[in-house]
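S.K.: What follows is a structure written as structure tokens; I'll ask about it next.
The values are calculated or read from the model by the stated rules, or taken from the named source; none is laboratory data. Worth saying up front: this structure is predicted, and the values here are computed from it rather than measured. As a convention, Cβ positions derive from the backbone with ideal geometry for all residues, glycine included, and neighbour counts pool all protein chains shown.
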Amino acid sequence: MEDKEKEDKSEKSDIQNKQDKREETINKISNTAKIFSFVSVTVVFLLVIIIVISMYSSSRKAEAARLTRIENERISAQKLAKEQALKAEQEKNEAIAKIQKESWEKAIGLKDAAINDPAQINSAITKMNEIKSSMPGTEYEKKADAEILSLQAAKQKAIDKVLADLTKKAEEPAGRKDFEAAADIFKNYSGPLSQETNEERLQTAEKHLASAREAIESKKEFQQAKNELLKSISSLIIKNKAADALASYNDFKTKYATEKTDDIGIVKNILETIQAPDKYILESCRSDIGKKIIAKTDGPYESVEISRIKDDNIYVKKAMGTATMETKISLANISPEEKVKRSDKMDKASRAVFVAVIETELGNYDNAEKALEPNGLLTEHLSVLIKERKKEIEDKKAADANRPIAKEDSTPKEFVVGPQHINIKADANTKNTSRETLLGDIYMLQDIVLKVSVSSSAPVDFTGNKIEIYVLGENTADKHICQVLAVEKKDLNLKKKETLDLDVKAASEFNKLNVNKYGAEYCGYFIVIKDKGGKVFAVKTNKAPFQKLTEKILKMDESYEFDDRTGEEMKGVPPPRRR
């Protein structure tokens, strides 16, 4: 029983144990289930959390990956854009550089062309300024600065050349005093740099125009002075003062040395011709030897035969009963009518004036006017003076005819003695005495007596004057060398219609027979009358060339030797010294 009880108890204990174990197991299971449930819940929760976290992490990774991808894409895009921008910038810079280079080369080409063509200089400078302003900070800007300076210098040089060329071109018209044409050259210039030279060109043109105005005024004054000269010369000519007229002409030429006086050059020839007509009269007589001439010998004018011409003297034959006598006469003794006739060797213009003066002196006023050369330079003025002289004489005759006879002298108080009222005669007598040296050379001693007669036909006294007489010899070795053999200077006071006789003596030694020629032989005379003021009043000479040497001869002393062509001192062969 007890075993059974024990067995029962054991069984019960086993059952209880089993139940306890079951309960324990159940509890364990329950606990385990709880734990498992908790753990499951926890695991689930954790799984959920993990899943959530995983999902969140995945989401974030995906987002991060997306963002990274986007960033990478952005970076790639930026890099590409930058590369493209750099490439575009490079291409742009290359394009700009190409354009700049092309522009520069074009500008340089224009500059090079402008150096040879001034018309392009302004375009070249403008182009360089465009380069400078459009390419700041570049090497072309500095280059453009340098080229602009070079072009400006070239421009100034071209301007100077334009002005110099215009000045050179204007020299020709300005030289002939056509200043208006010279001004037009500057004003009308329209070539390269005309605008740049405009101001200076106009200033220069104005200077030429001012010169033109001055030239016109000067020409007007010169023409007036020239007309006054011709009037003055005509007045002196009609008074038979050709020497004074020639002096006036020479003074005028000196005063207006820069002016053209070719148009009145003939006046000098006329004055020189009528002042020294003797050579033409002698030439006419020389061709008429054996023919008749009207002249004075020792009385009134008469017809005598020309026998020969020697040493510028005329020798005539005159019947003396059944015999014939040869007489030497001076040209002063030839009648005025004969002088007119014998003046045919003169040039036409000079002869017209010469004849008109003689006809006026003779009172043949109509013939005097007819003698004048038509349209001659002095014709108008001389014609007026001849008419005035004729009217004066006619008025005087009319006044004399109506004037009661008066006892007092009817000579006009204002009567002026002229060269035509003073008659100078000169005749030389020479005596040659031969001498022989111990060596057998023959030489001559010549004694000369020059007889001078000065008379006045004026109705008033001719006083306070001086007369100078020069006896001249010609060197036997050189005919162009003359020597003053004697000089006589005296006061000249002539009562009305009075005659003064003077003898001037001289002596000379010469040899003209062999090769050893020397000394001077008498060849002529030179007589000058000076008025109260010391001015030459009248000249008388038998050597026409001496007329033009008047001023120089008046300064010569006795023994002075000179060239008869120039009046300058020239020594001839002197006589030898003898013991």
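S.K.: Within segment 376-390, does at least one residue satisfy the condition of being surrounded by fewer than 17 Cβ atoms within 10 Å (Cβ to Cβ), over 43 Å from the mean Cα position of the chain (by Cα) and small (Gly, Ala, Ser)?
M.R.: no
S.K.: Turning to a different aspect of this structure: Quick one: is Glu474 over 18 Å from Lys571 (Cα atoms) and either under 47 Å from the mean Cα position of the chain (by Cα) or aliphatic (A, V, I, L, M) (or both)?
M.R.: no
S.K.: Could you grab me the full set of residues in segment 506-562 that are at positive phi and of a type in the set (Ser, Thr, Tyr)?
M.R.: Ser559
S.K.: For segment 229-270, give me each residue that is of a type in the set (D, E, K, R), surrounded by 13 or more Cβ atoms within 10 Å (Cβ to Cβ) and either in contact with a Lys or Arg (Cβ under 9 Å, 6 or more places away or on another chain) or farther than 17 Å from Glu388 by Cα (or both).
M.R.: Hits for segment 229-270 are Lys241, Asp244, Lys253, Glu259, Lys268.
S.K.: Something else now. Among the strands (runs of 3 or more DSSP E) lying completely within segment 456-565, list those that include at least 3 residues that are free of Cβ contacts under 8 Å to residues at least 40 places away in the same chain.
M.R.: Correct list: 481-494.
S.K.: Say we look at segment 566-579 and pick out the residues that are more than 12 Å from Asp478 (Cβ to Cβ), modelled with pLDDT of 85 or more and part of a loop (DSSP other than H, G, I, E, B); which of these is nearest to the chain's Cα centre (by Cα)?
M.R.: At the first step, the residues of segment 566-579 found to be more than 12 Å from Asp478 (Cβ to Cβ) are 566-569, 574-579.
Among the residues that remain, those that are also modelled with pLDDT of 85 or more are: 566-569.
Then drop every residue that is not part of a loop (DSSP other than H, G, I, E, B), which leaves 566-568.
Working: Thr566: 31, Gly567: 34, Glu568: 33 Å.
So, considering only residues that are more than 12 Å from Asp478 (Cβ to Cβ), modelled with pLDDT of 85 or more and part of a loop (DSSP other than H, G, I, E, B), the one nearest to the chain's Cα centre (by Cα) is Thr566.
S.K.: With respect to the numbered conditions (1) over 29 Å from His421 (Cβ atoms); (2) in contact with a Lys or Arg (Cβ under 6 Å, 6 or more places away or on another chain); (3) not polar (S, T, N, Q), which one is the sole condition not fulfilled by Gly524?
M.R.: All conditions pass for Gly524, except number (1).
S.K.: Could you tell me how many of the residues in segment 177-218 are at pLDDT below 80, more than 23 Å from Ala114 (Cα to Cα) and not small (Gly, Ala, Ser)?
M.R.: 1
S.K.: Given (1) surrounded by 21 or more Cβ atoms within 10 Å (Cβ to Cβ); (2) of a type in the set (Val, Ile, Thr); (3) at pLDDT below 85, where does Ile553 come up short, assuming only one miss?
M.R.: So Ile553 meets the others, but not (3).
S.K.: Among the candidates Ala506, Ala538, Ala486, Ala520, which residue alone is surrounded by 18 or more Cβ atoms within 10 Å (Cβ to Cβ), closer than 26 Å to Leu246 by Cα and either in contact with a strand residue (DSSP E or B) (Cβ under 8 Å, 6 or more places away or on another chain) or outside the structural domain of Ile424 (by TED's automatic domain parsing) (or both)?
M.R.: Ala538
S.K.: Another question, if that's okay. What are the residues in segment 299-322 that are loosely packed, with under 15 Cβ neighbours inside 10 Å and either in contact with a Lys or Arg (Cβ under 9 Å, 6 or more places away or on another chain) or modelled with pLDDT of 85 or more (or both), if any?
M.R.: Correct list: Ser303, Lys310.
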